[in-house]
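Please read the structure below before turning to the comments.
None of the figures in this text is laboratory data; all of them are computed from the coordinates on show. Predicted, not measured: the structure shown is a model, and the values here were computed from it. Cβ placement follows ideal geometry from the backbone for every residue including glycine, while neighbour counts extend to all protein chains displayed.
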Amino acid sequence: MKTEYFKKKLEAEKAKLESEMQNIGRRNPGVPDDWEPAPSSAEVESDPVDQADVVVNRENNAAVLADLEARYDATLTALERIEKGTYGVCEVCGSKIEAARLEANPSATTCSEHMR
Ligand SMILES: [Zn+2]
């Protein structure tokens, strides 16, 4: 298992996801490791047409942010698994995850038979 290789990929992915989350969101001050969509400056404007756009925008951002957050969590979990020496092992059956599957998705935690 070339864990160094996958570790580099995962660290690059983590940095990329962090910067993408910062573009559209901010860390939730009350909940560590949780992200919320950042209010845009347009939200203070009172034009009702603009307001409608802002709501749609904010909903889109929340959906994109939730997706980024899920990928970010999976990436952190994979990095933890590398530290623990359990990286590349299927969570369900304990067999090795196919190299091609890890290549396509370095944060995979199951073999292709047990993927959800
Ligand atoms: Zn399996």
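Quick notes
- Distant-in-sequence amide contacts of residue 97, defined by a placed amide H-H separation under 5 Å and a gap of 5 or more residues or a different chain, comprise 89, 90.
- Charged side chains reduced to their Cβ positions (Lys and Arg at +1, Asp and Glu at -1) give the chain a dipole of some 840 debye around its Cα centre.
- Relative contact order [Cα under 8 Å, 6+ residues apart], the chain, whole percent: 25 percent
- Compared with the dominant Cα axis of the chain, that is its longest principal axis, helix 48-84 is turned about 20°.
- Straight-line cross-link partners of residue 16 among the lysines, defined as a Cα under 24 Å from its Cα and at least 8 positions apart when in the same chain: 2, 7, 8, 84.
- Helix axis angle, 3-24 relative to the chain longest principal axis, alpha carbon, degrees: 10 degrees
- Over the chain, DSSP H runs of length four or greater, each weighted -39,500 (n - 2.57), average out per residue to a 222 nm ellipticity of -19500 deg cm²/dmol.
- Highest-first packing order for the peptide set 73-81, 28-36 is 73-81, 28-36, based on the mean count of other beta carbon atoms within 10 Å.
- Positive-end extreme of charge dipole, the chain - chosen from 93, 19, 62 (charges on Cβ): 93
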